[in-house]
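Single-structure report; data block below.
The values are calculated or read from the model by the stated rules, or taken from the named source; none is laboratory data. Quick caveat: nothing in here was measured; it's all calculated off a predicted structure. Note that we place each Cβ from the backbone using ideal geometry, even for glycine, and neighbour counts take in every protein chain shown. Areas reflect the complete protein model, heavy atoms only, side chains present, ligands, DNA and RNA absent. Shrake-Rupley method; radii C 1.70, N 1.55, O 1.52, S 1.80 Å.
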Amino acid sequence: MAKRTIRRIDEQTASKDLSGRVYIVTGANSGVGLETTRQLVKQGGHVVMACRRVDAGEQEARSFAGSKGTYEVMRLDLADLQSVRDFVTTFTEAHDRLDGLACNAGMVNMSGERQVTKDGLETTIGISYFGHFLLTELLLDLLKRTEDSRMVILSSVVHAGSPNNRPQLHLDDLNYESRPFSAFPAYGEAKVATTLYAMELAERLGGTGVTTASVHPGWARSNFGGGGGFVMRTAMAVMRPFFNLSGMTDSSEESAQTSLHVLLSDDAPNHSGAYFSQSSVLYRDRECKNGGWPMETPNPHAKDRGMARELVALSRKLVGLESTSAP
Ligand SMILES: NC(=O)c1ccc[n+]([C@@H]2O[C@H](COP(=O)([O-])OP(=O)(O)OC[C@H]3O[C@@H](n4cnc5c(N)ncnc54)[C@H](OP(=O)(O)O)[C@@H]3O)[C@@H](O)[C@H]2O)c1
């Protein structure tokens, strides 16, 4: 198999002095989020590690010892909208700027059964999209007040699907209340939602100096997909060594590169709202396999501006930013 090209941030981007800048990274205790945080701290930034498990964040952050920058761990459970609101309150009491918001955390519910967040949202889309939607909306004023601020949200190659099967949103049933639940379709839909949200937000924030992007990080050797039932866990444990040796997967450090490019490079703000991707053997469309910073998604449902606006209007209601009742 031909060796893949891994995209990496350039020297100039990797050596920027981030002293005085403040970042939030969700899911910062593991995988892509941990490595994104490590680089930001290495370059002198202050990173608020937004973690569901504070102890896990503290534990991993010990490996940043001796870095130029600083960090703090704050609790954030994206499966609980009150936790999102509490996080924003704590953050804004302590910080008067936000240079970069990395909406990185995510999961796929492999239990085989539909599960819901504390607020009754289906968990995969609830954590990957709705929790981050509320978080971002509540931080918009601060982002606008900070010069050249950026927001990145994690998508996935899965959102692209295949020429015969493109994931799309079901706005009438985003939470799988009236459809049979299936893990990967739900994950694909959640990542269509994050891709659309970055696009819609860029449109809404045009001229404010805040830029956005969605990202496929690569096939990361992280803790992703570690849940699920006994059969799934056993299958993953058997297959993981093969995948890791195959050259198809990326280290978490490599998988952090695309988020770092969006957060730090001089070029990324020229493409606000775009989709950025590491190269990936998992694209079913041959022309996409090399990825791109940025690249065009092959999924028409993930670049449908009308759908993006409808999604955001509905999301505002579902997360409690607007009343669902008739005026
Ligand atoms: N790995 C891949 O190949 C791949 C491919 C495409 C896209 N992605 C996306 O990349 C992002 C990072 O994934 P990863 O590979 O780094 O996986 P990971 O190692 O499993 O990290 C996921 C992070 O999300 C956090 N998280 C899960 N539920 C949360 C919640 N309710 N509230 C707050 N944080 C929560 C996890 O916290 P805990 O440690 O407490 O569970 C963990 O820190 C995800 O959005 C994923 O969808 C990954």
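Counting pairs of alpha carbon atoms under 8 Å apart in space and at least six apart in sequence, what relative contact order in percent does the range 241-322 give?
19
What whole-number value in Å² describes the accessible area per residue of the chain for a 1.4 Å probe?
Here the per-residue accessible area is 44 Å².
Which whole-number percent is the relative contact order of the chain (Cα, under 8 Å, 6+ apart)?
It comes to 20 percent, rounded to a whole number.
Under 19 Å from a label point 7 Å along Cα→Cβ of Lys317: give me every residue in the range 175-203 with its amide N that close.
175-179, 193, 197
For Arg179 and Arg284, what is the calculated FRET efficiency with R₀ set at 30 Å and r taken between the beta-carbons, to the nearest 0.05?
0.85
How many percent of DSSP beta bridges within the chain run antiparallel, rounded to 5?
10
Over the range 256-327, with every protein chain in place, what whole percent of the accessible area is carbon and sulfur at 1.4 Å, could you tell me?
48
Quick check: Cα centre of the range 1-37 to Cα centre of the range 259-310, how many Å?
17
Simple spin-label model, 7 Å along Cα-to-Cβ: Ala14 to Lys42 in nm?
Label at Ala14, label at Lys42, 0.7 nm between them.
Can you give the convex hull volume per residue for the Cα atoms of the chain, as a whole number of Å³?
141
Please report the carbon-and-sulfur percent of the accessible area for the range 103-171; probe 1.4 Å, protein heavy atoms only, DNA, RNA and ligands left out.
Ligands and nucleic acids excluded, carbon and sulfur give 41 percent.
Order the peptides 249-260, 135-146 from the highest to the lowest mean number of other Cβ atoms within 10 Å of their residues.
Per-residue mean Cβ counts within 10 Å order the peptides as 249-260, 135-146.
So if R0 is 22 Å, what FRET efficiency would Arg145 and Thr90 give, r being the distance between their Cβ atoms, rounded to the nearest 0.05?
0.75
Given a Förster radius of 22 Å and the C-beta distance between Asp267 and Arg97 as r, what FRET efficiency does 1/(1 + (r/R0)^6) yield to the nearest 0.05?
Efficiency computed from Cβ-Cβ geometry: 0.45.
Using a simple spin-label model with points 7 Å from Cα along the Cα→Cβ vector, what separation in nm is obtained for Arg204 and Thr234?
Using points 7 Å along Cα→Cβ, the separation is 4.7 nm.
Considering only the range 36-193, what is the antiparallel percent among its DSSP beta bridges, to the nearest 5?
Expressed as a percentage, antiparallel bridges in the range 36-193 total about 15.
Place the peptides 10-20, 202-212 in order of packing, highest mean first, counting for every residue the other Cβ atoms within 10 Å and averaging per peptide.
Top to bottom by mean Cβ count within 10 Å: 202-212, 10-20.
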